[in-house]
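Peer 1: Sharing a structure here in structure tokens format.
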Amino acid sequence: MNDFKERIAAQLIAVRDRSLAYTEAEDDLLIRQHSPLMSPLVWDLAHVGNYEELWVLREAGGITPLRPEIDDIYDAFKTPRKDRPSLPFLGPAEARRYIEGVRGRVLDVLDRVDLEGPSPLHRDGFVFGLVIQHEHQHDETMLATLQLSGQPGLVREGELPPGRAGGPGEVYVPAGRFLMGTDTLPWAYDNERPATWVDLPGYWIDRLPVGNAAYAAFIEDGGYDDQRFWTPEGWQWRQRKGVTAPLFWTREGGSWYRDRFGRTEPVPMDEPVQHVSWYEADAYARWAGKRLPTEPEWEKACGWDQEAGRARRYPWGESDPGPSLANLGHRAARPAPLGAYPGGASPYGAEQMVGDVWEWTSSWFQAYPGFRSFPYKEYSEVFFGEEYRVLRGGSWAADPAAVRTTFRNWDYPIRRQIFTGFRCARSELV
Ligand SMILES: [Fe+2]
């Protein structure tokens, strides 16, 4: 194998180690459904193997199906998450055997295919990038499931750099054109393409994500009880669900506590808030006299290098996200304190745009002009419209392989189990 293939193989091994670590648990915990929002963990585990079989072995490698009879069980479009416990899915031992069998053949395909050939699936290792990112995304989903399960002791902790107080609350992004999306990043998804020039007026964006202290001030100021801050849909949701704080928060003796991977702890006031819905983020922004950034505003503030006239892969540049630059790849099981990554600032001085928490934007998930679905419509195209809001930047649970300035995630505006927070913006003249 050449160097590039060796690097792909190493990434395949790393992501599999991660999936296996999250499923090193009693069978019962893996088979059970912890929330109707989530699949049983063992479903996710075999699903990543089945996806790898479909795309690398069958489509890219031309290999006959190993277990065609299980395809329907692991097709995310055939059965919604809430109904997956009733599927005849493989048990933990069989699931591990199945994905290992697939993986052996995947490495054979990697060894023999021409990554410079004409096939768009092979070129630059796209299909391998597809399955590596897909598995990392499922690993993040598994972490959300483990958080909902409330089981202690299953999720690794770690060290993060200290926070840093002070500094401006907002940074200014001057008016002008920038190139949104990409034509050049080889493993970018179809929804990030093609690159498009977008002209924006000047605007201000928060230097940091909204922290727990600021969010607690919104609660204490009656933000959840004042309809003026909420959209009609948001207010309806807040009333129906009786929501009064972020998911996993409780109030006791005048202080806020949170449940995090099976332990209860005081809410650290210097961390970015997480587990808030789009409706809550939007209401907070209105309370603060601001608004959520649009998707183009978010992307420009994150990665546009005005001087060089080009977009950066990460806010700080092209180098990989080391531990002093961003909180990605599950270094610890939480967001880092505010101000922890001065070295990871964007060209405009915005910090922590990548890692820590996904950030809600005000934009619906829509196609860029000239979009073409690849390699299949169900990756992005079927989600376009006015149902899902775009999330940017990746969380502490996202892997660097599936995070970049142009990366787009999307979810329903009511979702809170994901590792999501936000930052605010405002137009220049307001
Ligand atoms: Fe999937």
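The values are calculated or read from the model by the stated rules, or taken from the named source; none is laboratory data. These numbers come from a predicted model, not from an experiment. Don't worry about glycine lacking a Cβ; one is built from the backbone with ideal geometry, like all the others, and counts go over all protein chains shown. Calculation scope for accessible area: heavy atoms of the full protein, side chains included, ligands and nucleic acids excluded. Shrake-Rupley method; radii C 1.70, N 1.55, O 1.52, S 1.80 Å.
Peer 1: Can you give the accessible area per residue of segment 38-93, in Å², using a 1.4 Å probe?
Peer 2: Values: 2200 Å² over 56 residues.
Result: 39 Å² per residue.
Peer 1: Right, something else. Mind pulling the angle between the C-alpha long axis of helix 278-287 and the longest principal axis of the chain? Nearest 10 degrees, somewhere in 0 to 90.
Peer 2: In the chain, helix 278-287 runs at an angle near 20 degrees to the longest axis.
Peer 1: Taking loop as defined by DSSP and a crowding limit of 13 other beta carbons within 10 Å, which chymotrypsin sites (Phe, Trp or Tyr not before Pro) in segment 58-152 fit?
Peer 2: The qualifying sites are PHE77.
Peer 1: Which loop chymotrypsin sites (Phe, Trp or Tyr not before Pro) in segment 335-430, with loop taken from DSSP, have no more than 14 other Cβ atoms within 10 angstrom of their Cβ?
Peer 2: TYR376
Peer 1: Here's something else I'd like to know. Normalise the Cα radius of gyration of segment 369-430 by 2.2 N^0.38 Å (N = residues in it) and let me know the number.
Peer 2: 1.34
Peer 1: Write down Rg/Rh for segment 238-281, rounded to two decimals, with Rg from the C-alpha atoms and Rh from the Kirkwood relation over Cα pairs.
Peer 2: 0.97
Peer 1: Just to be sure I understand the model, the point goes 7 Å from the Cα along the line to the Cβ. What's the resulting ASP259 to GLU6 distance in nm?
Peer 2: Computed distance between label sites ASP259 and GLU6 equals 4.7 nm.
Peer 1: Normalise the Debye intensity by I(0) for the chain, one equal point scatterer per Cα, no solvent, then take log10 at q = 0.06, 0.11, 0.14 Å⁻¹ and round to two decimals.
Peer 2: -0.24, -0.86, -1.41
Peer 1: Another question, then. Could you work out how far the C-alpha centroid of segment 14-53 sits from that of segment 166-227, in angstrom?
Peer 2: Here the two parts' Cα centres lie 33 Å apart.
Peer 1: Further, regarding this structure: Rounded to whole Å and sorted largest first, what semi-axes of the equivalent ellipsoid does the C-alpha gyration tensor of segment 302-430 yield via the square root of 5 times each eigenvalue? Don't skip to the answer; put the middle values down first.
Peer 2: Details: eigenvalues 113, 66, 53 Å².
So the three semi-axes of segment 302-430 are 24, 18, 16 Å.
Peer 1: Each residue of segment 74-88 in turn: what ³J(HN,Hα) in whole Hz from Karplus with 6.51, -1.76, 1.60 and θ = phi - 60°, glycine and Pro shown as x?
Peer 2: Karplus-based 3J(HN,Hα) across segment 74-88 equals 9, 7, 4, 7, 7, 10, x, 3, 4, 9, 5, x, 7, 6, x Hz.
Peer 1: Ok, one more. Which shape class, rounded, prolate or oblate, goes with segment 109-182 when its Cα gyration tensor gives a ≥ b ≥ c as root eigenvalues, a/c under 1.5 marks rounded, and past that a/b bigger than b/c marks prolate?
Peer 2: In terms of gyration-tensor shape, oblate.
Peer 1: Once neighbouring chains are kept in place and the probe is 1.4 Å, which whole percent of the accessible area of segment 154-296 is contributed by carbon and sulfur?
Peer 2: 54 percent
Peer 1: Is it possible to state the helix-based mean residue ellipticity at 222 nm for the chain, with each DSSP H run of 4+ residues giving -39500 (n - 2.57), the sum divided by total residues, to the nearest 500 deg cm²/dmol? What is it?
Peer 2: Taking each H run of at least 4 residues, the total per residue is -9000 deg cm²/dmol.
Peer 1: Continuing with the same structure: For segment 9-21, just list the computed ³J(HN,Hα) in residue order, Karplus coefficients 6.51, -1.76 and 1.60, θ = phi - 60°, integers in Hz, with x standing in for Gly and Pro.
Peer 2: 4, 5, 5, 4, 5, 4, 5, 5, 4, 5, 4, 5, 5
Peer 1: What accessible area per residue, rounded to a whole number of Å², is obtained for segment 233-336 using a probe radius of 1.4 Å?
Peer 2: Details: 4250 Å² over 104 residues.
Per residue, segment 233-336 has 41 Å² of solvent-accessible surface.
Peer 1: Find the percent of Cα-Cα distances in segment 241-322 that exceed 19 Å, and round it to a whole number.
Peer 2: Numbers: 1979 of 3321 pairs.
Percent of Cα pairs beyond 19 Å in segment 241-322: 60.
Peer 1: How much of the accessible area of segment 41-80, probe 1.4 Å, is carbon plus sulfur, in whole percent?
Peer 2: 56 percent
Peer 1: How big is the shadow of the Cα convex hull of segment 183-287, averaged over all directions, in nm²?
Peer 2: If you wrap the Cα atoms of segment 183-287 in a convex hull and average its projections, you get 10.4 nm².
Peer 1: In the P(r) worked out for segment 90-226, what percent of Cα pairs fall beyond 22 Å?
Peer 2: 70 percent
Peer 1: How long are the semi-axes of the equivalent ellipsoid of segment 1-154, defined as square roots of 5 times the Cα gyration tensor eigenvalues? Whole Å, largest first.
Peer 2: 28, 17, 13
Peer 1: Now for a different question. In whole Hz, what ³J(HN,Hα) sequence does segment 402-411 give by Karplus (6.51, -1.76, 1.60; θ = phi - 60°), x for Gly and Pro?
Peer 2: The phi angles translate into 10, 9, 6, 3, 8, 5, 10, 10, 8, 7 Hz.
Peer 1: Which residue, VAL155, VAL276, VAL357, has the most motion in a Gaussian network model of the chain that connects Cα atoms within less than 10 Å?
Peer 2: Of the options given, VAL155 has the highest mean-square fluctuation.
Peer 1: Still on this structure, I have one more. Please list, ordered by chain and number, the residues whose modelled amide H lies under 5 Å from the amide H of ARG177; skip anything fewer than 5 residues away on the same chain.
Peer 2: Amide H to amide H, under 5 Å and 5 or more residues apart or across chains, ARG177 pairs with LEU200.
Peer 1: Could you pull out every residue, at least 5 positions away or on a different chain, whose amide H is within less than 5 Å of the one on SER362? Hs are placed 1.01 Å off N in the peptide plane, and Pro or chain starts have none.
Peer 2: Amide H neighbours of SER362, under 5 Å, 5+ apart: THR294, GLU295.
Peer 1: Near LYS300, which lysines are there with a Cα under 24 Å away, not counting those fewer than 8 places off in the same chain?
Peer 2: LYS290
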